[in-house]
Amino acid sequence: MTSVSIIIPTLFPLKRLTTHAARLASFKPVTEVIVVVNGTGEKHAENFVHWQYLGKNKGFTGACNAGARAARGDMLLFLNDDCELTEEAIQKMVEFMESNPGIVGTQPVVRRQNKVQSTEYQDMNTVQNTIDAKGGVENIGFWVDTTIGKAFPVTEQAEMKHSSSQQKVYGLSGTCLLIRKEVFEKVGMWDESFHSYLEDVDLAIRLHKLGHRVMPCLDAEAVHAHMTTSSRMGLYKPTQDVKNWWRLVRKHPDIFPLTLPLLLERVRNVSGLVKAWFTSR
């Protein structure tokens, strides 16, 4: 029977995270939940929930890799701390992977949270209310247009008819990603130089280069309170977008040739950062 380790990276641990992690650990396919905190705190473990404290902010990639190294499951489920999913959703993703041995990774349909609710909830009723309050589709993965160096979220099933190619690479969102541990380790895990943002684009490209296939599980759903963390970090996200797109171009020159459209897109990245800087003043 397939075992799943859930890895939750977090920078600002919410009060409800202990309850949330314990709830996930009670699900049948789940062997353990590993919460990795990019900071310090009291070390403890309870009911198959393990807490790791890295002492400093190593970003999404550093936290997820730390959790993966400690994980015992056959599959790893990377889950944002502001993303909710049910036991049924996890079971459906696992069954999808078991039924498709040629697929190395999957994700659910990720929906936006439909209404503003407190993320500091403690009781199970509020957890279920959040899951029930699902809104529009945020993504079912993304397509990377390698001609301009830009990722576009996939929001409709019809967009999945395309197959990955040299010009268009499909990838899974790091928001809620289930991947076979053996494959994840063999491809080099998350690239920690990205710290946070666009690390899932890099992983998608590496999987694509090695001929691995990933597909979404359209029968499963998750609810995401988008930008819960990044909204508290000022210019961090637009700055990372600028840095990490250039990092992708340098790392994968065979995928991102230096063309005028690609350079213009990089200029737009910088203009977005400048606009965010003026807006924040």
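One residue stands out among those in the stretch 190-205 that are of a type outside the set (Gly, Ala, Ser) and either touching a Lys or Arg at 6+ places or on another chain (Cβ under 9 Å) or over 19 Å from PHE142 (Cβ atoms) (or both): the one that is surrounded by the fewest Cβ atoms within 10 Å (Cβ to Cβ), which is GLU192. The set of residues in the stretch 231-262 being outside any loop (DSSP other than H, G, I, E, B) and either polar (S, T, N, Q) or under 15 Å from THR147 (Cα atoms) (or both) consists of SER231, THR239, GLN240, ASN244, TRP245, TRP246, LEU248, VAL249, ARG250, LEU260, PRO261, LEU262.
Any residue in the stretch 173-189 that is modelled with pLDDT of 95 or more, surrounded by fewer than 19 Cβ atoms within 10 Å (Cβ to Cβ) and touching a Lys or Arg at 6+ places or on another chain (Cβ under 8 Å)? Yes, there is a match, as at least one residue in the stretch 173-189 is modelled with pLDDT of 95 or more, surrounded by fewer than 19 Cβ atoms within 10 Å (Cβ to Cβ) and touching a Lys or Arg at 6+ places or on another chain (Cβ under 8 Å).
Go through the residues of the stretch 263-274 one by one and say whether even a single one is part of a loop (DSSP other than H, G, I, E, B) and either of a type outside the set (A, V, I, L, M, F, W, C) or within 19 Å of LEU76 (Cβ to Cβ) (or both). No, there is no match, as no residue in the stretch 263-274 is part of a loop (DSSP other than H, G, I, E, B) and either of a type outside the set (A, V, I, L, M, F, W, C) or within 19 Å of LEU76 (Cβ to Cβ) (or both). In the stretch 145-172, the residue that is modelled with the highest pLDDT out of those that are surrounded by fewer than 16 Cβ atoms within 10 Å (Cβ to Cβ) and part of a loop (DSSP other than H, G, I, E, B) is THR147.
Taking the numbered list (1) surrounded by 13 or more Cβ atoms within 10 Å (Cβ to Cβ); (2) without any contact (Cβ under 8 Å) to a residue 40 or more places away in the chain in turn, LEU218 passes all entries but (2).
Filtered by the rule that a residue be in a strand (DSSP E or B) and under 13 Å from LEU24 (Cβ atoms), the stretch 71-106 gives LEU77, PHE78, LEU79, CYS83, GLU84, LEU85. In summary, VAL36 fulfils each of the numbered conditions (1) at pLDDT 90 or above; (2) out of contact with any Gly (no Cβ under 6 Å at 6 or more places or on another chain); (3) not hydroxyl-bearing (Ser, Thr, Tyr) with the single exception of condition (2).
The values are calculated or read from the model by the stated rules, or taken from the named source; none is laboratory data. Remember, it's a predicted structure, so these values are computed and weren't measured experimentally. We place every Cβ from the backbone using ideal geometry, glycine too, and count neighbours over all the protein chains shown.
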